[in-house]
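Rule-based calculations on the coordinates, nothing more; no lab input. Values in this document were obtained by computation on a predicted structure and should not be read as measured data. Using ideal geometry, Cβ is built from the backbone for each residue, glycine included, and neighbour counts are taken over all protein chains shown.
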Amino acid sequence: MVLKQEQGGDFFFDYEVDAEMLSISCDKCGKQFKRKSAKSEHMKACGEEPRFSCPYCPHRTARRRNMRTHVAIKHRCRYP
Ligand SMILES: [Zn+2]
Ligand SMILES: [Zn+2]
């Protein structure tokens, strides 16, 4: 991000530099992501009711596949 000064005197941020990063946010809820793949994965489930709840913690998700990944990574177990 680059701080520029307009002729009027007010400072403004030049978002051009961060355009790539700023574009990685959910169109529906505005959640931001560091990776494009994380956004597209989130977009599939965004707005859906979280029907799957983790047996090991309060985490909930709308997608069974997401829950399997969560359980595998966070708890090192297999989701049934
Ligand atoms: Zn979203
Ligand atoms: Zn969990």
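Here the label points at C46 and S23, each 7 Å from Cα along the C-beta direction, are separated by 1.5 nm in the simple model. Does region 36-75 come out rounded, prolate or oblate by the C-alpha gyration tensor, with a ≥ b ≥ c the root eigenvalues, rounded set by a/c under 1.5 and, if not, prolate when a/b is larger than b/c and oblate if not? Cα axes put region 36-75 in the oblate bin.
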